[in-house]
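Enquirer: Can you keep this structure in mind? I'll have questions shortly.
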Amino acid sequence: MTDLPLSILYQDDHLVVVNKPAGMLVHRSWLDKGETRFVMQTLRDQIGQHVYPLHRLDKPTSGVLVFALSSDVAAAMMPQFANNQIKKGYHAIVRGWITDAGQLDYPLVEEQDKIADKHASQVPEAKSAITDYQPLAKIELPIATGRYATSRYSLVAMQPHTGRKHQLRRHMHHLSHPIIGDTTHGDGRHNRVFRHHFDCHRLLLHASQMCFEHPVSGEFLTVTAPIDNQWQALMEAFAWQWPDNANLMGN
């Protein structure tokens, strides 16, 4: 992880939105004691004021991450997240070819951490989890995986209607199209293809766009996060066209 400044996508007196790099934790965690750089502390030092995280992105996920600049604004903004009123658009590269758009309504049991939740007395119940998805591009590579002589991949847009832990990763696994680079819910053979042939050692999941109502002005904001150099290299290698800002949600 380099010490480059974070890319700020939007900032006013109340909110700041950054493009979170892949592999960077949002804040300190005793579960990742070896980490030394965090979005929250880096952003605080970069803009010279305290920030309040409004949601989270997993460490390996890149893209739109929103912070409030005061506790009052955070409190005003949180109901939008709690009530699933915020529109979120993601993109991923997945195993296999997805031919049709669809909606997956598949409840998920919250994943428990082996350490933090080891004393939990009850097994959590499955909760509603809904994801829309649309295929955008596909490719077949002359690289053997398992019993197949070639490897097939798709670029997919996704919009979660709920915010369950690892929802997109688990939903794509359920559809038998796991996200490349997912070491928990993915396919190790295809992860190795990307490591060995494209020097790609990360999860290919990007939070591309977020639409929400500004908690102070009431204005409806759309914030878009560009893809990084590694994503760009893969798009060029596969001759894929990244969707423009107008249809990042997959509409």
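The values are calculated or read from the model by the stated rules, or taken from the named source; none is laboratory data. Since the model is a prediction, treat every value here as computed from it, not as a measurement. Don't worry about glycine lacking a Cβ; one is built from the backbone with ideal geometry, like all the others, and counts go over all protein chains shown. Quick note on the areas: whole protein, heavy atoms, side chains included, nothing else; ligands and nucleic acids left out. Shrake-Rupley method; radii C 1.70, N 1.55, O 1.52, S 1.80 Å.
Enquirer: Report Thr183's accessible area, 1.4 Å probe, all protein chains in place, as a number in Å² to the nearest 10.
Expert: 120 Å²
Enquirer: Roll a 1.4 angstrom probe over the protein heavy atoms and tell me the percent of accessible area of the chain that is carbon or sulfur.
Expert: Details: 6210 of 13100 Å².
Within the chain, the accessible surface is 47 percent carbon and sulfur.
Enquirer: If you don't mind, there's one more thing I want to ask. Can you give the FRET efficiency to the nearest 0.05 for His166 and Thr222, using r as the Cβ-Cβ distance and R₀ = 35 Å?
Expert: Calculated transfer efficiency: 0.90.
Enquirer: Could you identify which residue out of Val51, Val94, Val64 has the top mean-square fluctuation in a GNM of the chain using Cα springs shorter than 10 Å?
Expert: Maximum fluctuation in the GNM of the chain, among the listed residues, is at Val51.
Enquirer: Tell me, in nm to one decimal, what length is gained between His174 and Phe238 on full extension, where the rule is 0.36 nm per residue of separation less the Cα-Cα distance?
Expert: Contour length minus the Cα-Cα distance gives 20.5 nm.
Enquirer: Between Leu168, Leu155, Leu141, find the one with the highest GNM mean-square fluctuation for the chain; connect C-alpha pairs within less than 10 Å.
Expert: Leu141
Enquirer: Next question, about the same structure. Which order do you get for Trp240, Trp231, Trp97 if you rank them by accessible area with a 1.4 Å probe, largest at the top?
Expert: Accessible-area ranking of Trp240, Trp231, Trp97, largest first: Trp97, Trp240, Trp231.
Enquirer: On to the next question. Heavy atoms only, probe 1.4 angstrom, no DNA, RNA or ligands counted: give me Phe220, Phe212 ranked by accessible area, highest first.
Expert: Largest to smallest exposure gives the sequence Phe220, Phe212.
Enquirer: Then there's this: How much length, in nm to one decimal, is gained on full extension between Gln49 and His197, taken as 0.36 nm per residue of separation minus their Cα-Cα distance?
Expert: 49.0 nm
Enquirer: Right, another one. Simple spin-label model, 7 Å along Cα-to-Cβ: Leu4 to Glu125 in nm?
Expert: In this crude spin-label approximation the distance works out to 4.7 nm.
Enquirer: Order the following by accessible area, largest value first: Phe81, Phe194. Probe radius 1.4 Å; ligands, DNA and RNA are ignored. Walk me through the intermediate numbers first.
Expert: Working: Phe81 30, Phe194 0 Å².
Result, largest first: Phe81, Phe194.
Enquirer: Mean-square fluctuation check for the chain, GNM, Cα pairs under 10 Å: which of Ala92, Ala126, Ala137 is largest?
Expert: Top of the fluctuation ranking is Ala126.
Enquirer: Along the Cα→Cβ direction, 7 angstrom out, place labels at Thr184 and Gln11. What is the inter-label distance in nm?
Expert: Distance between label points: 3.2 nm.
Enquirer: Just to confirm the number: angle between the C-alpha axis of helix 188-198 and the first principal axis of the chain, 0 to 90 degrees, nearest 10?
Expert: 90 degrees
Enquirer: Does a label point 7 Å from the Cα of Asp105, set along Cα-to-beta-carbon, have any residues of the stretch 154-168 with amide nitrogen under 11 Å, and which are they?
Expert: none
Enquirer: The stretch 192-229 to the stretch 171-185: how many Å between their Cα centroids?
Expert: 18 Å
Enquirer: Measuring with a 1.4 Å probe in the full set of protein chains, what accessible area per residue, in whole Å², belongs to the chain? Show your work: numbers first, answer last.
Expert: Values: 13100 Å² over 251 residues.
That works out to 52 Å² for each residue.
Enquirer: Test of understanding: extend the Cα→C-beta vector of Met78 to 7 Å, then name every residue of the stretch 206-227 with backbone N under 17 Å from that spot.
Expert: Residues 215-216 fall inside that zone.
Enquirer: When the helices in the chain are scored as -39500 (n - 2.57) per DSSP H run of 4 or longer and the sum is shared across all residues, what 222 nm value do you end up with, to the nearest 500 deg cm²/dmol?
Expert: For the chain, the value works out to -5500 deg cm²/dmol.
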